[in-house]
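Heads up, the thing below is written out as C-alpha cells.
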Amino acid sequence: MENFWSACLGRFEKELSAQQFNTWIKPLSHKVEDDALLLLAPNRFVQQWVKDRFLPKIQAFAKETLNAPINVDVLLMDNIEAAKKQLKDDEAKKPETANKQDGIAKKAAAATSTKKTKAHSDHSGLNPAFNFNNFVTGRANQLARAAALQIAENPGSAYNPLFIYGGVGLGKTHLLQAIGNYLKDHRPEAKIKYLHAEKYVSDVVKAYEHKAFDEFKRQYHSLDLLLIDDIQFFAKKTRTQEEFFYAFNSLIEAKKQIIITCDTYPKEIQDVDERLRTRFSWGLTVAVEPPELEMRVAILLKKAEEAKIALTEEVAFFVAKQIRSSVRELEGALNRIVAMAKFTGNAIDVHLAKEALKDLIAVRGRQITIENIQKTVADYYKIKVAEMYSKKRSRNFARPRQIAMSLARELTNHSFPEIGEAFGSRHHTTVMHACDEIEQLRQNDQTIARDIAFLVQVIRD
Amino acid sequence: MKQLLLDIQPLALPSLDNFVVGENAEALHSIKEALSPALIISSNNRFIYLWGAEGSGKTHLIKASKALADQNRIPFVFADDVHTLNDQEQIDLFNQYNELRAGQGVLIATGNASPSQMGLRDDLATRLAWGLTYQLHPLTDEEKAQALKSHAAARGMNLPDEVVDYCLRYLRRDLPNLMATLDALDEWSLTEKKPITVPLLKKLLQLPLNI
C-alpha cells in the first residue's frame, strides 16, 4: 500500500501541472489503516477538491496496477497533524539553502526557520470571519470588490500593488482579509501575512532594538501575499518607510502580491516619502465610498441574518436613515438594538430601535448651568436677565424667577442655598418655596406645564 | 482630647452589586454578561462604551468591572474619560482595541459624550461605536437617597433618614460629593463618639475640609 501511494504520487507529478500538484496533491499526508488508504487534507477545501477530482483517478490507477479495487478515503487532517506536516516540509526545504553555510550556522538557521514558520502559520493575522460571501456589495464598493476578487484568484499578476482607500468603517479591512482567506483556502501553502501598519512600525522598532533586521527582512521578503492595513500610520516614521520600501521592491520584483489600504489616495498621504507614494500608485488604486441608503439597509439585513435575528425592512430602513457614516456604527446600532430587545424581552420594532439608538447618536447637550437657565427663561418671558437677581416682586418678574429656580433645582446638582445665592442672594427657603409653588402650578395649570416642558427641552439641547 | 481614629474601616469597594442602577439596568446587565466567565460573548459585546455627565457612575462601573475581570481572569482593558486623550494616547487605545478584538478580552471605555461627538480620531470613534454604547443616566434624588443608604449600610453606619434628606436639600447633589460627605461624617462621628444626626452634620460642614 505504501508503494502504491508513492507510485500514485509519481504518476500525478507527471500528469498534473506543477502548480496543480503543489496545490492539491503535495499537501496531503497518508496513513494506512486496515488495508485502507487514508489521505489527510490540510483543510476542507482541499479535501473536497481531491475527493471530487482525484479520487476516481486514484481508484482507476489502483485497478490498473494492483488489479484490485482499493479502499481509499480523504479525511481532514487535524490541526496538530497539519502543523507537523508543515514543519516537516519546511525542514525538508531548509538544507538546500543552508548547505553553503557551516554546520553550526546550518543547525541554528534550521532551528530558527522552523520556529519562525510555525509562528507564521499561527500568525498570518487572518480572521476567517471575513470572506467575500459576507461582504455586502453596492455601488460604493463594487469596483474595489471586483479588483480584490480578481487579485485573490490571480495574486501577483493582475494589479500590483492594489491600493484600496476610503473613510473609516467602510469595509477596507474586510476586503483585505477576504483576499487573504481566499488565497489561504486555495493555496494553503502560500505565505500570507495580514497586519495593521502600526504593527509593522512596532516590528521595525523591535528589529532595531534587537539588531535583527536580517531576520525582519527575511520574514517580510519571503511572503507570497502581504496585506497591510492603514498605511497612513507610516507618517513621519522614516525608518519604517525605508524598510517598507525595500520590502515593497523585493516583493513586487518577485511578483508577490501586495495590498494596501489607506484613508486617502496615494498622492494625498501626509508625511510619507515621495518614492513610496509613487510606488503605491503603480498598480491599481480603488476607492470604497460610504454606502448609500439601500446598501446600508442590505448590510443591516445581512448582519441580522448572520446573527439569526428577525429584523424587518422597516426597522432596517429606520436605522440606516439615522446612521450614515460608517458600517461599524451600523453594526454597533444593530448590536445595541439586539441587546435591548433581549434585555427587555420586547420585539424589535421602530420604537425600540429609536430608544436604542439614542445612546449611540445623541448629540451632547450643552453643560447646564444656572446662568443659562436664567438666560433661557428670561428670554422666553421677554424680561431682562437682571430681573432674575432683582428684588422686584411683581408677578411679571417673580413667576419667571420662580420657574428658573425650580428648573435649576431639577436640572443641576446645585443645593437650595447655592441656587438662592445665584438668584440675588436669596434665602434658601425662598427657593424651596418657589419649587413647591411651581410644582403645584405644573399640576394645575396647563399653560405653565407646557411652558416648562418647552423650556426644559430648550435648556437640554 | 481628640479621639484618634484607628482607620480599620473596610472600604466599600465599588462593585457591580452595590451600583445603584436607576435607569441603567441594561448597561449593567451587558457589563455583567461581558465579564461572566461562563458565557461565550460575541466579539461585538465584549466592547462597551459608557458615557454620561459627571457623577453618573462611569468610574464606579470601570473600577467594579476591573475587579470582576481580575477575579474571573478575563483580559481587560479600560479607558476612562476618552475625551481627554491626546493624539498619541488615542493611537495607543486604537492599537489596544485592535489587538483585543483580534484576540480575547473585554474593553470598557468611558467618555462625556457619544462616540462621534468628542472630536476623537474617526478610526477610534467608529470602533468605540462598534460594540455596545450606553448613555448612563444620572440618578434621581430618590435613587441618590437609596445609594447613600446602601453605602452607609456597607460601612456599618447608622444613617437616619433626616440626615439623608438634609444632604439632598443643602449639599451639592452629585454622587461623588454626597458619598465623600457621608464618609467624612462617619469618621467624624467615630472620633467625636457621637451618633450621626443632622446637628452633627451641620457641625461637620462648618469645619474646614481637612479634618
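The values are calculated or read from the model by the stated rules, or taken from the named source; none is laboratory data. Just so you know, these numbers come straight off a predicted model, no measurement behind them. Glycine gets a Cβ as well: all are built from the backbone with ideal geometry, and neighbour counts include every protein chain shown.
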In segment A:168-183, residues that are away from chain B (no Cβ under 11 Å) and under 11 Å from the mean Cα position of the chain (by Cα) total 4
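May I ask you to say which residue of A:ASP214, A:ASP185, A:ASP224, A:ASP203 is out of contact with any helix residue (DSSP H, G or I) (no Cβ under 8 Å at 6 or more places or on another chain) and of a type in the set (Asp, Glu)?
Values: A:ASP185 fails: out of contact with any helix residue (DSSP H, G or I) (no Cβ under 8 Å at 6 or more places or on another chain); A:ASP224 fails: out of contact with any helix residue (DSSP H, G or I) (no Cβ under 8 Å at 6 or more places or on another chain); A:ASP203 fails: out of contact with any helix residue (DSSP H, G or I) (no Cβ under 8 Å at 6 or more places or on another chain).
Exactly one of A:ASP214, A:ASP185, A:ASP224, A:ASP203 is out of contact with any helix residue (DSSP H, G or I) (no Cβ under 8 Å at 6 or more places or on another chain) and of a type in the set (Asp, Glu), namely A:ASP214.
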Answer with yes or no whether B:GLN104 is in contact with a strand residue (DSSP E or B) (Cβ under 9 Å, 6 or more places away or on another chain), of a type in the set (S, T, N, Q) and in the same structural domain as B:ALA69 (by TED's automatic domain parsing). no
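Select from segment A:293-317 the residues that are among the hydrophobic types (A, V, I, L, M, F, W, C) and closer than 25 Å to A:LYS172 by Cα and list them in ascending order. Can you show your working first?
Kept after step one, since they are among the hydrophobic types (A, V, I, L, M, F, W, C), are these residues of segment A:293-317: A:293, A:295, A:297-301, A:304, A:307, A:309-311, A:315-317.
Matches in segment A:293-317: A:LEU293, A:MET295, A:VAL297, A:ALA298, A:ILE299, A:LEU300, A:LEU301, A:ALA304, A:ALA307, A:ALA316, A:PHE317.
Go over the candidates A:GLU253, A:GLU243, A:GLU268 one by one and state the one that is within 25 Å of the chain's Cα centre (by Cα) and of a type in the set (Asp, Glu).
On the way: A:GLU253 fails: within 25 Å of the chain's Cα centre (by Cα); A:GLU243 fails: within 25 Å of the chain's Cα centre (by Cα).
From the options A:GLU253, A:GLU243, A:GLU268, the qualifying one is A:GLU268.
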Testing B:ALA145 on (1) without any contact (Cβ under 8 Å) to a residue 60 or more places away in the chain; (2) in contact with a helix residue (DSSP H, G or I) (Cβ under 8 Å, 6 or more places away or on another chain); (3) within 11 Å of chain A (Cβ to nearest Cβ), one condition comes back false. Which one is that? (3)
Lone unmet requirement of (1) at pLDDT 90 or above; (2) in a loop (DSSP other than H, G, I, E, B); (3) within 25 Å of B:GLU54 (Cα to Cα) for B:LYS144: (2)
Breaking point among (1) within 30 Å of A:GLY166 (Cα to Cα); (2) of a type outside the set (Val, Ile, Thr); (3) outside the structural domain of B:ARG101 (by TED's automatic domain parsing), for B:LEU120: (3)
Evaluation of A:THR264 against (1) under 25 Å from A:GLN142 (Cα atoms); (2) buried (at least 20 other Cβ atoms within 10 Å of the Cβ); (3) among the β-branched types (Val, Ile, Thr) (one fails), failing number: (2)
Can you name the residue in segment A:406-425 that is surrounded by 20 or more Cβ atoms within 10 Å (Cβ to Cβ) and away from chain B (no Cβ under 14 Å) and is also nearest to B:LEU168 (Cα to Cα) among such residues? A:LEU407
For the subset of segment B:17-28 comprising residues that are surrounded by 18 or more Cβ atoms within 10 Å (Cβ to Cβ) and touching a His at 6+ places or on another chain (Cβ under 7 Å), which member is farthest from the other protein chains (Cβ to nearest Cβ)? B:PHE19
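Which one of these is without any contact (Cβ under 8 Å) to a residue 24 or more places away in the chain and more than 21 Å from B:GLY103 (Cβ to Cβ): A:ASN160, A:ASN141, A:ASN133? Give the steps one after another, and end with the answer.
Working: A:ASN160 fails: without any contact (Cβ under 8 Å) to a residue 24 or more places away in the chain; A:ASN141 fails: without any contact (Cβ under 8 Å) to a residue 24 or more places away in the chain.
Step by step, each of A:ASN160, A:ASN141, A:ASN133 is checked, and only A:ASN133 is without any contact (Cβ under 8 Å) to a residue 24 or more places away in the chain and more than 21 Å from B:GLY103 (Cβ to Cβ).
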Considering only residues that are part of a helix (DSSP H, G or I) and within 10 Å of chain A (Cβ to nearest Cβ), look in segment B:29-77 and name the one that is modelled with the lowest pLDDT. B:SER43
Inspect segment A:263-286 for any residue being within 14 Å of chain B (Cβ to nearest Cβ) and either part of a helix (DSSP H, G or I) or touching an Asp or Glu at 6+ places or on another chain (Cβ under 9 Å) (or both) and give the result as yes or no. yes
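Looking only at residues that are in a helix (DSSP H, G or I) and within 10 Å of chain A (Cβ to nearest Cβ) in segment B:150-175, which one is surrounded by the fewest Cβ atoms within 10 Å (Cβ to Cβ)? Spell out how you get there, then give the answer.
Filtering segment B:150-175 down to residues in a helix (DSSP H, G or I) leaves B:150-154, B:161-170, B:175.
This time we only want the ones that are within 10 Å of chain A (Cβ to nearest Cβ), so: B:167-170, B:175.
Numbers: B:CYS167: 24, B:LEU168: 17, B:ARG169: 14, B:TYR170: 17, B:LEU175: 21.
Within segment B:150-175, the match that is surrounded by the fewest Cβ atoms within 10 Å (Cβ to Cβ) is B:ARG169.
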